[in-house]
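One structure follows; several queries about it will come next.
The values are calculated or read from the model by the stated rules, or taken from the named source; none is laboratory data. Since we're looking at a predicted model, the values are computed, not measured. No Cβ is skipped: glycine too gets one built from the backbone with ideal geometry, and neighbour counts run over all protein chains shown.
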Amino acid sequence: MNCQEVQTQLSDYLDQSLDTIRLKSIENHLLSCIPCRAEAESLVDCIGQIRDLPMVEPPPGFAQRVMAHARETEIQVPFWQRLFFNVKFTLPVQASAVVLIAVFAVLLYQRETGLQKSDRGVTTAPLPPLPALTQDKTNPVADAAPSNVTKLPSSARANNTRPVNAPAFKNGAQAAAQSVAAAKSEKVVGDAGEAPRRPPIQAQEVATGLEPLRPSAESFGAGGVAGNLEQPLFRAPFAADRALSPFSDPISDVEFVVRRKPPARRDQKASAAGDTFSHRAETETAVSAAPQNGSVVEVRWFNVPADRYEQFRKELMAEATIESEKGLGSAEKEFALKSARDLLIKVMVLSPAER
Amino acid sequence: MGSDSISDATCVRRIQHGDTDAFEILVRRHEKVIFNLVYRMLGDYDDAAETAQEVFLSAYRAIGKFRGEANFSTWLYRIAINHANTRRKTVNARQHRLVPIDEAELVSETQLGPAETLEKKEIRERVQQALNELEPEDATVILLRDLQDSPYEEVARVLNVPVGTVKSRLHRARQALKSRLALHFYAGRKAV
């Protein structure tokens, strides 16, 4: 180690901030080098002069003066700091931010999921057309749904291709739960599905063409399919602006053409239906382009869970005679069951008078 | 609970919550160190008293922004150095003054005899004059390390520079001070 190196590190040497090897090396050099030793001694003296400077007392009353001024001074403390004065933060800010973001994301996700469930409830909740459901007095969906239909203004109940999904709004969650809990049926229905597959539409019951909607669920539910199909049909004419558009007619998964069975209690409701014959005639002419022979007095659309299709079909058979049926193939039926989606069923009701 | 047992951090939180009296604990705890640092940087007792008061009041005003990332003393040192350097520039503009008062009346160390006191006083005046003539950066690092006896790491935190920078800056500052002292002592002897 030469003199220049030693003198460069003299300050560190005096502070003992060098490693042992260097300290020893400099020490050996200082023993043998007089100029460097003199330099070191002068530096030691210099440091000593500073360290020998006495600690001076501040002026008397210094703290009091400072405090007197401080009490007249306002400190600017951020609001959050006052708010969380007693909270000792142990997490770094970044970690806290991550936790907050995660909580927000979960809340957002739950909210979105809730909305989706609500929407799903709208599509699946109202199952009043299913006779089994309408006859089940314990089923809140079936009970609640029709009453909402009656509250619709006549113009809103006009023929249109839009879903009549008003009943679902109040009972979406219940209906969703019900559709999940429904028993599964594995029976194959009809021949291979000719109708193209389509995503479920937001409709439980859809009125198309010029067919009227039932004005009350009780006539539909308690009276079975036949009662449903006949009595309430002609209460309200459809508004012109609600007329069916050929472009908006949905494609059904299953299509039935049924003819009403004249039920025994039809007489009981004859008087109620009597004043609607003119509407019936209007409807029949309007749907003269129906694919079946005879007059179609009503076209009904149903959204039925795939696993409840057989139940629906049986109960339809109990209420009406199935003239024709275009259903799902076995593979499509199986797929529908697996995907747990709803089937869109179109029921065209023929007048019993033409039988 | 006595004021000595309350940590700086606790005092700071209390002040931030509006407890002004907690600041008095901090003032009394740090006044001497801060005052001496400022005094040695300025070399004038009255200037030091005024500047030290500004230091504490500045700290009080800004304490709401103090987040405890550094020690309160480190933060206070920084404020003191900034204020002292600003004041020093003003003083430099109107020439350095030697220590205008008799330090012997203010020091709290041992009683000395008249001859020793006079000699000591002369030496201190020359050391202080040498300090005043140093660059503020050099004077600061010497005072922090050699007067306050702060470790390298603490000096590095106060100056916000790496430890290596502190070492090299300290070496340079000591060399400068040594030269100044040699000049003053030589001139002093020559005058005598």
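When residues of region A:57-73 are filtered for being closer than 16 Å to B:Tyr39 by Cβ and either at pLDDT below 90 or more than 7 Å from chain B (Cβ to nearest Cβ) (or both), how many remain?
Residues flagged as closer than 16 Å to B:Tyr39 by Cβ and either at pLDDT below 90 or more than 7 Å from chain B (Cβ to nearest Cβ) (or both) within region A:57-73 amount to 1.
Just one of B:Glu54, B:Glu103 is outside the structural domain of B:Val155 (by TED's automatic domain parsing), modelled with pLDDT of 90 or more and over 21 Å from B:Val141 (Cβ atoms); which is it? Spell out the reasoning first.
Details: B:Glu103 fails: modelled with pLDDT of 90 or more.
Being outside the structural domain of B:Val155 (by TED's automatic domain parsing), modelled with pLDDT of 90 or more and over 21 Å from B:Val141 (Cβ atoms) holds for just one of B:Glu54, B:Glu103, which is B:Glu54.
If you don't mind, there's one more thing I want to ask. Kindly provide the set of residues from region A:1-25 that are touching a residue at least 12 places away in the same chain (Cβ under 8 Å), more than 17 Å from B:Ser168 (Cβ to Cβ) and assigned to a helix (DSSP H, G or I), ordered by number.
Once the filter is applied, which keeps residues that are touching a residue at least 12 places away in the same chain (Cβ under 8 Å), more than 17 Å from B:Ser168 (Cβ to Cβ) and assigned to a helix (DSSP H, G or I), region A:1-25 yields A:Cys3, A:Ser25.
Matching residues to (1) under 15 Å from A:Ala63 (Cβ atoms); (2) within 10 Å of chain A (Cβ to nearest Cβ); (3) buried (at least 21 other Cβ atoms within 10 Å of the Cβ):
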site	(1), (2), (3)
B:Val27	yes, yes, yes
B:Ile34	yes, yes, yes
B:Leu42	no, no, yes
B:Ala52	yes, yes, yes
B:Lys65	no, yes, no
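Follow-up question, since we're still on this one. For B:Asp149, work out the one condition from (1) in a loop (DSSP other than H, G, I, E, B); (2) of a type in the set (Asp, Glu); (3) surrounded by 14 or more Cβ atoms within 10 Å (Cβ to Cβ) it doesn't fulfil.
(3)
Answer with yes or no whether A:Ala320 is in the same structural domain as A:Phe256 (by TED's automatic domain parsing), surrounded by 20 or more Cβ atoms within 10 Å (Cβ to Cβ) and small (Gly, Ala, Ser). Even if it seems obvious, please write down each step before you answer.
Numbers: in the same structural domain as A:Phe256 (by TED's automatic domain parsing): yes; surrounded by 20 or more Cβ atoms within 10 Å (Cβ to Cβ): yes; small (Gly, Ala, Ser): yes.
Considered against the rule, which asks whether it is in the same structural domain as A:Phe256 (by TED's automatic domain parsing), surrounded by 20 or more Cβ atoms within 10 Å (Cβ to Cβ) and small (Gly, Ala, Ser), A:Ala320 comes out as yes.
Here is a further query. Scanning region A:1-55 for residues that are more than 11 Å from every other protein chain (Cβ to nearest Cβ) and charged (D, E, K, R), which turns out farthest from the chain's Cα centre (by Cα)?
A:Arg37
Here's another thing I want to ask about it. Kindly indicate whether B:Ser108 is at pLDDT 85 or above and among the small types (Gly, Ala, Ser).
Answer is no for this residue.
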